[in-house]
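Okay, so here's the structure we're looking at.
The values are calculated or read from the model by the stated rules, or taken from the named source; none is laboratory data. Here the structure is a predicted model, which is why all the values come from computation and not from measurement. Here the Cβ positions follow ideal geometry from the backbone for every residue, glycine too, while neighbour counts run over all protein chains shown.
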Amino acid sequence: MEAQSLRLDEYRIIEEPFYQASGDEIELFEAAYHNRLPLLLKGPTGCGKTRFMEYMAWRLGRPLITVSCHDDLTASDLVGRYLVKGGETVWVDGPLAQAVRAGGICYLDEIVEARKDSMVVIHPLADDRRVLPIDKLATLLLAPPEFSLAVSYNPGYQSVLKDLKQSTRQRFVALEFDYPGAEQEAAIVARESGLELAVAERLVRFAAMTRNLKGAGLEEGASTRLLVHAGKLMNAGVPPLSACRGAIAQALSDDPEMVAAVDELASSLF
């Protein structure tokens, strides 16, 4: 167990990540954590869910193990498997088992993208049992009080076929995230990118225009993350229209007509 603890040191967040609260999400997370309740983070892409998890892990002083879920993610990927090393067969914990053993925070990003067998394996951890079955070892890992399970998904983006089932959803305390208000978002973009506040405010107005196109040619509008990307390019000397095209318009769509429409929106501001 000592070697495993040393490996988990790399998951500890030493410096405080910048996070600006927009509501009572910090207090709700802490209350859920201390009551051993799992968390469900809902919100659009790039609105700050991952940064929030990094901030809370730092605030609580726990290692944070993040797993980006996808179609090929199996239960064994999460829990662990036997591997051959040096001619011997050894058991290697997956990220979920590592987090349970260490009393860390396991964050499953975009949980609905995972396979169904991966979803099922978290159920015993997300209710009063707080156990992780490891069938191949014929054992149950009991989660210590410090362990926390958090998952996220984008309800506006997922199809009906990939929505969270009630049997999963009702195990979690849900925190809803959205893009910050215009003034707060501009302050975040300015701080993260190094732009002057006035320029960041124009980027935020541009983002609002693209978000109004959601469902009318765009699946998602420009996220706060994309605004920071564009801001960093602009701060590095890239002309504003080129920065907006590369970091935002081209990132939002491959449709030439839609890219041109977003470019026109940028031209109205820069």
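Can you tell me which of P133, P145 is in contact (Cβ under 8 Å) with a residue 12 or more places away in the chain and touching a strand residue (DSSP E or B) at 6+ places or on another chain (Cβ under 6 Å)?
Just a single option satisfies the conditions, and that option is P133.
Kindly establish whether M209 is assigned by TED's automatic domain parsing to the domain that holds V100 and assigned to a helix (DSSP H, G or I). Step through it out loud before you land on a result.
On the way: assigned by TED's automatic domain parsing to the domain that holds V100: no; assigned to a helix (DSSP H, G or I): yes.
No; evaluated as a whole, the condition is false for this residue.
Could you identify the single residue in E196, E201 that is surrounded by 19 or more Cβ atoms within 10 Å (Cβ to Cβ), over 19 Å from the mean Cα position of the chain (by Cα) and among the acidic types (D, E)?
Just one listed residue meets the conditions, E201.
Would you mention how many residues in region 124-148 are under 20 Å from the mean Cα position of the chain (by Cα) and at pLDDT below 95?
Adding up the residues that qualify gives 2.
Only one residue in T74, T89 is exposed (fewer than 15 other Cβ atoms within 10 Å of the Cβ), without any contact (Cβ under 8 Å) to a residue 40 or more places away in the chain and over 29 Å from R59 (Cα atoms). Which one?
Step by step, each of T74, T89 is checked, and only T89 is exposed (fewer than 15 other Cβ atoms within 10 Å of the Cβ), without any contact (Cβ under 8 Å) to a residue 40 or more places away in the chain and over 29 Å from R59 (Cα atoms).
Restricting attention to region 85-105, which residues are assigned to a helix (DSSP H, G or I), aliphatic (A, V, I, L, M) and more than 25 Å from S167 (Cα to Cα)? Please lay out each step first, then the result.
Kept after step one, since they are assigned to a helix (DSSP H, G or I), are these residues of region 85-105: 95-102.
Narrowing further to those that are aliphatic (A, V, I, L, M): 96-97, 99-100, 102.
Within region 85-105, just A102 meets the criteria.
For region 237-257, which positions are surrounded by fewer than 14 Cβ atoms within 10 Å (Cβ to Cβ) and assigned to a helix (DSSP H, G or I)? Show your work before the answer.
Filtering region 237-257 for residues surrounded by fewer than 14 Cβ atoms within 10 Å (Cβ to Cβ) gives 237, 239, 250, 254-257.
Answer for region 237-257, where residues must be surrounded by fewer than 14 Cβ atoms within 10 Å (Cβ to Cβ) and assigned to a helix (DSSP H, G or I): Q250, P256, E257.
Can you pull out the residues in region 26-74 that are within 18 Å of R225 (Cβ to Cβ), at pLDDT 95 or above and either over 13 Å from the mean Cα position of the chain (by Cα) or assigned to a strand (DSSP E or B) (or both)?
Selection gives L41, T66.
Residues of region 106-157 being among the β-branched types (V, I, T), part of a helix (DSSP H, G or I) and surrounded by fewer than 19 Cβ atoms within 10 Å (Cβ to Cβ), which ones?
The answer is V120, and nothing else.
Take Y11 and decide whether it is at pLDDT below 95 and within 17 Å of the chain's Cα centre (by Cα). Give the steps one after another, and end with the answer.
On the way: at pLDDT below 95: yes; within 17 Å of the chain's Cα centre (by Cα): yes.
Against the criterion (at pLDDT below 95 and within 17 Å of the chain's Cα centre (by Cα)), Y11 qualifies.
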